[in-house]
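Rule-based calculations on the coordinates, nothing more; no lab input. Because the structure is a prediction, the values reported are computed rather than measured. So basically every Cβ, Gly included, is an ideal-geometry build from the backbone, and we count neighbours across all protein chains shown.
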């Protein structure tokens, strides 16, 4: 059974009111939990994105707290956590060196982790999905 690596865009969308939230939640609901993976880097980005939503007025402090609680429960009960080792950072550095891909460092790290673990990427970030395909990382449509 192939693993699906969820990036922060997919996770955050599943936690808050965003245009694709219902679609992402429905897709997640159809998946076997044994196929859903994240890395510790996802946790960092989820926390960052939710804090940014407070700063932009998209979430209240209480809504952020509720979303973080939901995320922690989801992560602890339903997700496989993949390790991030030195090789992942080295691979990510090679990926960002490909200027034609226009990858940010964090996105390259997600792709390196997914690639190292034979995962298909689950993202709402079109640029990242395009780069993933260029790098040979499969992308799952949600």
Residue check for residue 87: touching a helix residue (DSSP H, G or I) at 6+ places or on another chain (Cβ under 9 Å), part of a helix (DSSP H, G or I) and either without any contact (Cβ under 8 Å) to a residue 12 or more places away in the chain or surrounded by 13 or more Cβ atoms within 10 Å (Cβ to Cβ) (or both)
no
Restricting segment 1-27 to residues that are within 14 Å of the chain's Cα centre (by Cα) and farther than 19 Å from residue 126 by Cα, the one surrounded by the most Cβ atoms within 10 Å (Cβ to Cβ) turns out to be 15
Within segment 103-127, the count of residues that are in contact with a helix residue (DSSP H, G or I) (Cβ under 6 Å, 6 or more places away or on another chain) and more than 19 Å from residue 2 (Cβ to Cβ) comes to 7
Within segment 28-62, of all residues that are closer than 15 Å to residue 3 by Cβ and in a helix (DSSP H, G or I), the one nearest to the chain's Cα centre (by Cα) is 42
Note on segment 103-142: residues under 19 Å from residue 87 (Cα atoms), touching a strand residue (DSSP E or B) at 6+ places or on another chain (Cβ under 6 Å) and in a loop (DSSP other than H, G, I, E, B) are 119, 137
